[in-house]
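*Asks:* Encoded as structure tokens, here's the structure I'll be asking about.
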Amino acid sequence: MATKKTSATSGDRAAKIHAALEKAHRPKAVRGAGERPHISLCGGTACDASGAAALREALRDELEKHGLAGKVEIVESGCHGFCAEGPIMVLRPQGIFYPRVKPRDIPAIVETSVVGDGVVEELLYRDPATGEPVADERAIPFYAGQERRVLADLGTVDPTCIDDYLARDGYAALATVLADDDPEGVIAEVEAAGLRGRGGGGFPTGKKWRLCRENPGERRYVVCNGDEGDPGAFLDRSLLEGDPHAVIEGVLIAAFAVGATEAYIYTRQDYAPAVERLKTALDQARERRLVGEDILGSGFGCEVRVFAAAGAYVCGESTALVNTIEGRRSMPRGHHVRLVEQGLFDQPTAVNNVETMASLPWLIRHGAEAFASVGGKDAKGTKVLSLTGGVRNSGLVEVPLGTSLREIVVGLGGGVAEGRTLKAVQPGGQSGGVLPADELDVRYDYESLRETGARMCTGGVVVVDDGTCIVDLTLFALRFMAAESCGKCVPCRVGTRRMLEIFERISTGDGEPEDIGRLERLCDDIEEGALCELGAGAVRPVRTALRYFRDEIDAHILDKRCPACVCRSLIRYTISRHDCTGCHACYGACPVQAVSGDRKQPHRIDQRLCIKCDTCRQVCKFDAVMVKSAGVRTGGKEPALAGRRSS
């Protein structure tokens, strides 16, 4: 960061603060960040769900068997990002990457790569383009194609060890701004960098801070919004779980800039690992004089608290979030309220999301020019995305703003599974709208997405293949939005329900041509009258579906058919007499005994009993079970229906 001219006194101040930071670091305690041999085991939520706990036990036992307990340490890191390949294990400092590890693989890995210096080739990741094994984590295309700034330490540091973070220049950015003692300079630097809010709104961060600092008040607050309730988005949770000190450091920088002495990190109670690691990180930082009174002897103090709420999607809206911290119902205050003027406890308040806060340490350490060296004209820096849905390489990615959706979905994500066709993308989760495959060349930034009718929102990119029905997809979004509406304003409370009812009729074949006009009017009314962004978010999936997938919606209304063979009321299961061998697999698997027939004779399905659960098709080994909708036929092992219903 560019610094102002300093006197001898300010020079002494800077030396004192940097010396205090150096004293706060205790290198002997360093585990994950140093060069000591250690095994980094992904501790992210996805890998935990895939069996990481069993791997830890197997790894401890095997190391002890070889007499390596205490010599080679197991570091449970945060999310490594490549969730599709979890559980993930990386041997450092070599950087040997082992994906999809199972307990039975541990003896070979320890024998070959820990005791020895080789690799177990059959367990390595294989480049999908060449089929060749890749041992070096940095050479894996999924990682090599990213610009990892915010995610640089994720999967490397132990989130429960402050020395890991300090060893990688942790809190150096905070020390710099405290040494310079120039809050206005920090704001100017953030403005020059062009950092905009990463929560979806895209409001310039520096401008928000300046307004907060300039508005009169007895005190000021900083709030980090980690609510993140959108299905398909998990980037904020992963940052809080895997790199909590980066978020805390960003919060402290923001507090110094606006003149706040209290800050809150707001998250959900159901993010239990994130809450636990945040509290541990704060205790460690407080013990090292990095949080609380007189930070690093600078005279500046800020207390940071974790606020774990029950969780409500509406709390992604900042005024509803502030109400919750104050002990009120989580309802928005209205578009006219400016939190930088009258926020938490009626005082000027700066609210930024987790990713925005985590971006600040890198920005301050490297400077505004380096930060703005990637991105577009009105969107500087990088963006972290959670890539999910029908994509091969699901996980966390970080790319420069302005990268095309095609590069994200096809380049990094690897496209959809073999045998499927890319149909659509939700660029911002349920509230971000849906774009067809022929819009994939749009740049992923605020203005470009806005022109298409979609939004960035939470950064949850959901990939949709040809086995998904757009009506069904929109139904899922509307059910979520209607359930999450706080009910304060009529346009959202009633309007989302009416849109949901119309789409439910369309999905059952009871839709009318007039429903299109009704939906368009409801969209206008909700957008105009809703108190907060949740209403606009509920409208977006409907508007984009009508704009880009009108033919598919008309097929449900006019032809009473579901082209994707998903909507239950519009499909039927039958068995081909020519392909059925009478193996009896479907007969035994049907939960309602709708299948009849003798062994070695063609079977049939009683349509009066069939509940369309898809079980018969899944167990059939001869592709004899067909799903039909007004002449549309789907057969084979990966049909449209399987696992993609929202109902």
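*Asks:* Could you tell me, in Å, what Rg and Dmax come out for the Cα atoms of the stretch 209-341?
*Replies:* 14.8, 43
*Asks:* From the P(r) of the stretch 542-604, can you give the percent of Cα pairs sitting at distances over 15 Å?
*Replies:* Numbers: 1234 of 1953 pairs.
Value for the stretch 542-604 (Cα pairs over 15 Å): 63 percent.
*Asks:* Taking the radius of gyration and the Kirkwood hydrodynamic radius from Cα positions alone, what is the Rg/Rh ratio for the stretch 110-169, to two decimal places?
*Replies:* Taking Rg over the Kirkwood Rh, I get 1.07.
*Asks:* Relative to the present Cα-Cα distance, how much length would full extension add between Val490 and Asp117 at 0.36 nm per residue of separation?
*Replies:* On the way: separation 373, 0.36 × 373 = 134.28 nm, distance 6.62 nm.
Full-extension gain reported as 127.7 nm.
*Asks:* Give, in nm to one decimal, the length gained when the segment between Lys377 and Lys207 is fully stretched (0.36 nm per residue of separation minus the Cα-Cα distance). Before the final figure, lay out each step's value.
*Replies:* Numbers: separation 170, 0.36 × 170 = 61.20 nm, distance 1.73 nm.
That pair, Lys377 and Lys207, stretches by 59.5 nm at full extension.
*Asks:* What number do you get for the stretch 64-181 when its Cα radius of gyration is normalised by 2.2 N^0.38 Å, N = residues? If you can, show how the numbers build up before the last one.
*Replies:* Working: Rg = 16.8 Å, N = 118, 2.2 N^0.38 = 13.5 Å.
Ratio of Rg to 2.2 N^0.38 Å for the stretch 64-181: 1.24.
*Asks:* Under 17 Å from a point 7 Å along the Cα-to-Cβ line of Lys621: which residues of the stretch 566-587 have their amide N that close?
*Replies:* 579-587
*Asks:* A further question follows. Would you tally the net charge around Arg493, using a Cβ to Cβ cut-off of less than 13 Å, leaving Arg493 out, and scoring K and R as +1, D and E as -1? Please list the in-between numbers first.
*Replies:* Details: positive: Lys488, Arg497, Arg498; negative: Glu484, Asp525.
Net of charged neighbours comes to +1.
*Asks:* Just subtract the alpha-carbon distance of Ala310 and Ala152 from 0.36 nm times their residue separation and send over the number in nm, one decimal. Display every interim value, and only then the final one.
*Replies:* Values: separation 158, 0.36 × 158 = 56.88 nm, distance 3.04 nm.
Between Ala310 and Ala152, full extension yields 53.8 nm more.
*Asks:* With a Förster radius of 41 Å, plug the Cβ-Cβ distance of Arg328 and Ala15 into 1/(1 + (r/R0)^6) and report the FRET value to the nearest 0.05.
*Replies:* Working: r = 46 Å, r/R0 = 1.13.
Efficiency, from the Cβ-Cβ distance: 0.30.
*Asks:* Which order do Glu369, Glu317 take by accessible area at a 1.4 Å probe, largest first? Kindly include the intermediate steps, with their values, before the conclusion.
*Replies:* Details: Glu369 165, Glu317 40 Å².
Descending accessible area places them as Glu369, Glu317.
*Asks:* Over the chain, with the other protein chains present, what is the accessible area per residue in square angstrom, probe 1.4 angstrom?
*Replies:* In whole numbers, the chain has 40 Å² accessible per residue.
*Asks:* Still on this structure: Determine ³J(HN,Hα), in whole Hz, for all residues of the stretch 230-237 in sequence, where each value follows from phi through the Karplus function 6.51 cos²θ - 1.76 cosθ + 1.60 and θ = phi - 60°; x replaces Gly and Pro.
*Replies:* Result, ordered by residue: 7, x, x, 10, 9, 6, 5, 4 Hz.
*Asks:* Output needed: percent of Cα pairs per 5 Å distance bin for the stretch 503-589, bins running from 0 to the one holding the longest distance.
*Replies:* Result, from short to long distances: 3, 12, 18, 16, 13, 11, 8, 6, 5, 4, 3, 1, 0 percent.
*Asks:* If I model a spin label as a point 7 Å beyond the Cα along the Cα-Cβ vector, how far apart are those points for Asp598 and Ala108 in nm?
*Replies:* Between Asp598 and Ala108, the simple spin-label model gives 4.9 nm.
*Asks:* Just need the relative contact order of the chain here, percent rounded to a whole number, with Cα pairs under 8 Å and 6+ apart.
*Replies:* Details: 1381 pairs, mean separation 72.2, N = 647.
Dividing the mean separation by the residue count of the chain yields 11 percent.
*Asks:* Hey, another quick one. What relative contact order, as a whole-number percentage, does the stretch 357-428 give when Cα pairs under 8 Å and 6 or more residues apart are counted?
*Replies:* Numbers: 79 pairs, mean separation 15.9, N = 72.
Contact order relative to length: 22 percent.
*Asks:* Here is a further query. Stokes-Einstein at 4 °C, 1.567 mPa s, Kirkwood radius from Cα pairs: D for the stretch 184-261 in µm² s⁻¹?
*Replies:* Details: Rh = 13.6 Å.
So the translational diffusion coefficient is about 95 µm²/s.
*Asks:* Find which of Leu123, Thr280, Leu401 sits farthest along the positive direction of the dipole of the chain, computed with +1 on the beta-carbon of Lys and Arg, -1 on that of Asp and Glu, about the Cα centre.
*Replies:* In the chain, that residue is Leu123.
*Asks:* Relative contact order of the stretch 274-345: what whole-number percent is it, with Cα pairs under 8 angstrom and at least 6 residues apart?
*Replies:* On the way: 68 pairs, mean separation 13.0, N = 72.
It comes to 18 percent, rounded to a whole number.
*Asks:* Another question, then. For the stretch 440-575, I need the span (max minus min coordinate) of the C-alpha atoms along each principal axis, in Å, sorted largest to smallest.
*Replies:* Principal-axis extents of the Cα atoms in the stretch 440-575, largest first: 49, 36, 23 Å.
*Asks:* For Gly389, which sequence-distant residues (separation of 5 or more, or a different chain) have an amide H within less than 5 Å of its own amide H, given hydrogens modelled in the peptide plane?
*Replies:* Here the answer is Val463, since their amide H atoms fall under 5 Å of that of Gly389.
*Asks:* Further, regarding this structure: Scaled to the compact-protein estimate 2.2 N^0.38 Å, what is the alpha-carbon radius of gyration of the chain, rounded to two decimal places? Before the final figure, lay out each step's value.
*Replies:* Numbers: Rg = 26.9 Å, N = 647, 2.2 N^0.38 = 25.7 Å.
Relative to the 2.2 N^0.38 Å estimate, the chain comes out at 1.05.
*Asks:* Any idea what % of Cα-Cα pairs in the stretch 263-398 are farther than 23 Å?
*Replies:* Taking all Cα-Cα pairs of the stretch 263-398, the fraction more than 23 Å apart is 52 percent.
*Asks:* If you average the C-alpha positions of the stretch 473-497 and of the stretch 559-605 separately, how far apart do those two centres end up, in angstrom?
*Replies:* That distance is 36 Å.
*Asks:* Work from the charge dipole of the stretch 58-176 (Cβ charges, +1 for Lys and Arg, -1 for Asp and Glu, about the Cα centre) and give the residue of Leu91, Leu174, Ala69 farthest towards its positive end.
*Replies:* Selected residue: Leu174.
*Asks:* Go ahead and run the numbers for FRET between Lys279 and Ala589, Cβ-Cβ distance against an R0 of 56 Å, rounding to 0.05.
*Replies:* On the way: r = 48 Å, r/R0 = 0.85.
According to the calculation, E is roughly 0.70.
*Asks:* Report, as a whole number in µm² per second, the diffusion coefficient that Stokes-Einstein gives for the stretch 383-451 at 4 °C and 1.567 mPa s using the Kirkwood radius over alpha carbon pairs. If you can, show how the numbers build up before the last one.
*Replies:* On the way: Rh = 12.1 Å.
The diffusion coefficient I find is 107 µm²/s.
*Asks:* Given the DSSP H assignment, sum -39500 (n - 2.57) over each helix run of at least 4 residues in the chain and divide by its residue total; what's the result at 222 nm in deg cm²/dmol, nearest 500? Don't skip to the end; give the middle numbers.
*Replies:* Details: 23 runs with 231 residues, N = 647.
When only DSSP H runs of four or more count, the value is -10500 deg cm²/dmol.
*Asks:* OK, next. If each of Glu528 and Leu68 carries a label point 7 Å out from its Cα toward its Cβ, how far apart are those two points in nm?
*Replies:* Those two pseudo-labels are separated by 6.9 nm.
*Asks:* For the chain, give the magnitude of the charge dipole about the Cα centre (Cβ charges: +1 Lys/Arg, -1 Asp/Glu; no others), in debye to the nearest 20.
*Replies:* Details: 82 positive and 91 negative charges, 278 e Å.
Its charge dipole is roughly 1340 debye.
*Asks:* Using packing as a proxy for protection, rank 11-23, 194-206, 217-229 so that the peptide with the highest average count of other Cβ atoms within 10 Å comes first. Before the final figure, lay out each step's value.
*Replies:* Numbers: 11-23: 15.7, 194-206: 20.8, 217-229: 23.1.
Those peptides, ordered most packed to least, come out 217-229, 194-206, 11-23.
*Asks:* Strictly greater than 15 Å: what percent of every Cα pair in the stretch 323-427 meets that? All intermediate terms of the calculation are to be shown ahead of the outcome.
*Replies:* Details: 4026 of 5460 pairs.
Tail of P(r) above 15 Å: 74 percent of Cα pairs.
The values are calculated or read from the model by the stated rules, or taken from the named source; none is laboratory data. Being a predicted model, the structure only gives us computed values, none of them experimental. Because the Cβ atoms are built from the backbone with ideal geometry, glycine has one as well, and the counts that use them run over all protein chains shown. Only protein heavy atoms, including side chains, enter the accessible area calculation; ligands, DNA and RNA are left aside. Shrake-Rupley method; radii C 1.70, N 1.55, O 1.52, S 1.80 Å.
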